[in-house]
Amino acid sequence: MSTPSPAAAPAARTSPLLEARRVTMRFGGLTAVDGVDLTVGRGEIVGLIGPNGAGKTTFFNCLTGLYVPTDGEVRLDGAALPPRPAKVTRAGVARTFQNIRLFANMTVVENVIVGRHTRTTAGLLSAIGRGPRYRREERESLSRAQELLDFVDLRGQGNQLARNLSYGAQRRLEIARALASEPKLLLLDEPTAGMNPQETRETEELVHAIRGLGIAVLVIEHDMRFIMSLCDRVAVLVQGSKLIEGPPGDVQADERVVEAYLGAPDDEPPPADRRDQSEHGDHSEHGDQRAHRDQSDEGAESATRDRNQERTA
Ligand SMILES: Nc1ncnc2c1ncn2[C@@H]1O[C@H](COP(=O)(O)OP(=O)(O)OP(=O)(O)O)[C@@H](O)[C@H]1O
C-alpha cells in the first residue's frame, strides 16, 4: 500500500477551519455583503470590524445558516456548511448575538443545557418516557453545564433565573450556552457592547481561555482596544466589501482603514477631552469607534443594558 501524498490528504487537514468564499448577500437592491472571502484557522482569533451597516452581522448570518447567501459558499473543515442554523451548530459553529438572547425565566444551568441539544441523541419517545438513555444524557448534560458555568465564572449561580444575573454575567452565560454545543468555531457579535472596562477585560481573558480549549473565534466588535489586543488577524468590512485583512497593527495603521472607519488623526479629541474620556472609563480613540463609544456614556450605556435586559425579560 502506498503512502498518501500530501496532495491526497483530506481537505479537513489541509484547508482552514472556516473558509468563506465570495459570500454575497443581497436584500432586493441592497448588497449588504459583496463577495467577501474570509478564512479562520484552527485555534485562531480573528476580528471583523467596520462602520455601522458595513454588513458584519449579515455576514455572520450567512455563516450560521440564518441567511442563505445569494452567492458564494461557506466551508467548515473542508465541507460545505448546510444552510440551516441547527445543522451549522451540529457541524461545529456556535454564536452569540448582538442583543442578549437568553431564556429569561429558565435557570442559568437550564440555559446551558438547552445549548447542548444538538449533542444529545435520545429521541422524543425516550424523552417522554424518561428512558435510561434519556436519563444518562440528562446527567451528562448537567455535569457538562456545571463545568461550563465554572469556566465562565458563574460557579454557584446555576439555580438562579437567568433574568436575575447582572448584565456582564448574562453575556458570559450566553457564551457558556454557545460552548455547550461543543463548537470548533465560536462567533461573537459585539460581546463587549454596553460593558464597563472591567467587564471588557474579563471578556478578553475569557476569549483567550476559549482559544486555550482549541476553539477558534471570529469576533465582531467596535471596541478597537479590545480587538487590537485580542486578535491574531483583523478583517475590515466597508459597505459590504472587505477592505483589508492582516495583523492588527497593520490594519490599524492602514490609511484606508483610518479614513473609512477609525477616523483621521485630526479627528482625535484634544488631550483634555481624552483625559476626560479615560476618567470615565472610555478607552476609544478613533472616529467611528468614538462615535460608537459616545453612545456608551452613562445614559446610553444604561439604555443599551436596559434594551438587552428587556430582551431577556
Ligand atoms: N433582513 C434584512 N433586510 C434588509 N436589509 C437588511 C437586512 N439585514 C441587514 N440589512 C441591511 O444590510 C446592511 C448591513 O447591515 P448589518 O446589520 O449586517 O451591518 P453591521 O456591519 O452588522 O452594522 P452594525 O455595526 O451597526 O451592527 C444595512 O444596510 C442593513 O440595513
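The values are calculated or read from the model by the stated rules, or taken from the named source; none is laboratory data. Bear in mind the structure is a predicted one, so any value in this text is a computation, not a measurement. Don't worry about glycine lacking a Cβ; one is built from the backbone with ideal geometry, like all the others, and counts go over all protein chains shown.
General remarks:
- For the condition more than 20 Å from residue 39 (Cβ to Cβ) and either of a type outside the set (Asp, Glu) or modelled with pLDDT of 95 or more (or both), residue 158 qualifies.
- Restricting segment 219-266 to residues that are of a type in the set (S, T, N, Q) and more than 13 Å from the ligand (Cβ to nearest atom), the residue that is farthest from residue 43 (Cα to Cα): 252
- In segment 140-152, the residues that are of a type in the set (A, V, I, L, M) and in a helix (DSSP H, G or I): 142, 145, 148, 149
- Checked across segment 147-166, the condition of being more than 24 Å from residue 50 (Cα to Cα), buried (at least 18 other Cβ atoms within 10 Å of the Cβ) and of a type in the set (D, E, K, R) holds for no residue.
- Of all the numbered requirements in (1) charged (D, E, K, R); (2) more than 28 Å from residue 23 (Cβ to Cβ); (3) at pLDDT below 95, residue 254 misses one, and that requirement is (2).
- Among the candidates 72, 92, 55, 28, residue that is at pLDDT below 95 and at positive phi: 28
- Test: residue in segment 222-232 that is closer than 30 Å to residue 105 by Cα, not acidic (Asp, Glu) and not in a loop (DSSP other than H, G, I, E, B): no
- Some residue of segment 194-208 being touching a helix residue (DSSP H, G or I) at 6+ places or on another chain (Cβ under 8 Å), of a type in the set (Gly, Ala, Ser) and surrounded by fewer than 22 Cβ atoms within 10 Å (Cβ to Cβ): no
- The number of residues in segment 54-74 that are crowded, with 18+ Cβ neighbours inside 10 Å and either away from the ligand (no atom under 15 Å from the Cβ) or assigned to a strand (DSSP E or B) (or both) comes to 1.
- Residue within segment 172-189 that is over 25 Å from residue 114 (Cβ atoms) and not aliphatic (A, V, I, L, M) present: no
- Residues of segment 142-157 classified as within 23 Å of the chain's Cα centre (by Cα) and on the phi < 0 side of the Ramachandran plot, total: 11
- On the stretch given as segment 8-25, residues that are modelled with pLDDT under 95 and among the polar types (S, T, N, Q) total 2.
To keep it simple, each residue is scored yes or no on (1) of a type in the set (D, E, K, R); (2) in contact (Cβ under 8 Å) with a residue 12 or more places away in the chain.
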position	(1), (2)
135	yes, no
141	no, yes
150	yes, no
159	no, yes
166	no, no
169	no, yes
184	yes, yes
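Let's see how each residue does on (1) assigned to a loop (DSSP other than H, G, I, E, B); (2) within 20 Å of residue 141 (Cα to Cα); (3) within 16 Å of the ligand (Cβ to nearest atom):
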site	(1), (2), (3)
154	yes, yes, no
158	yes, yes, no
163	no, no, no
175	no, yes, no
183	yes, yes, no
188	no, no, yes
194	yes, no, yes
199	no, no, no
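- Complete set of residues in segment 29-46 that are touching a residue at least 12 places away in the same chain (Cβ under 8 Å) and within 13 Å of the ligand (Cβ to nearest atom): 31, 32, 33, 34, 36
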